[in-house]
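The values are calculated or read from the model by the stated rules, or taken from the named source; none is laboratory data. Bear in mind the structure is a predicted one, so any value in this text is a computation, not a measurement. Ideal geometry is used to build each Cβ from the backbone, glycine not excepted, and the neighbour counts take in all protein chains shown. Heavy atoms of the whole protein, side chains included, go into the accessibility calculation; ligands, DNA and RNA do not. Shrake-Rupley method; radii C 1.70, N 1.55, O 1.52, S 1.80 Å.
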Amino acid sequence: MSVLIDTVAWVRVEDGRILCARPRGKGVFYVPGGKREGVESDLETLLREIKEELTVLLDPSTAVHVGTYEAEAPGLPVGTVVRMSCYTADYEGTLSASSEIEATAWFSYADRPLVPPVDQLLFDDLNASGELV
């Protein structure tokens, strides 16, 4: 039986690098975002998760869908797939890790092996378009 983990992520690229975050207690960096709660829309999930993780407010009027990716999730039962709907958006405030986040980092394409398979698909697209170096 397959299981789908439905997530939404914020794609923030600056100077050829993408913002990634490592949740407290985890050994892996991810593109910031998280799982939908109940019947939340992608945008509602995105705004809530980024405020919770990085203490900034995204501007919903600037949100643009840049892709949806699916890949198996390592370390979970076989057949578990993560779907990540990715959006860019402008923000207000100062990016800082909340209590949920142990560290943030700006990753280049060379850091691709440090993120999960679904994030690697996003890295590939951003590298192919010249946004991630």
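Quick notes on this one:
- Filter pass, Thr88 being free of Cβ contacts under 8 Å to residues at least 24 places away in the same chain and under 12 Å from the mean Cα position of the chain (by Cα): no
- Between Tyr30, Tyr87, Tyr109, Tyr69, the distinction of being surrounded by 13 or more Cβ atoms within 10 Å (Cβ to Cβ) and farther than 21 Å from Ile5 by Cα belongs to Tyr109 only.
- Within the stretch 43-65, the set of residues being open to solvent by less than 80 Å² (accessible area, probe 1.4 Å), charged (D, E, K, R) and either more than 24 Å from Leu132 (Cα to Cα) or at pLDDT below 95 (or both) comprises Arg48, Glu52.
- Contacts under 7 angstrom Cβ, first residue in the stretch 17-34 being within 17 Å of Leu57 (Cα to Cα), partner open to solvent by 40 Å² or more (accessible area, probe 1.4 Å) and part of a loop (DSSP other than H, G, I, E, B), 6 or more apart: Leu19/Arg12; Ala21/Ala97
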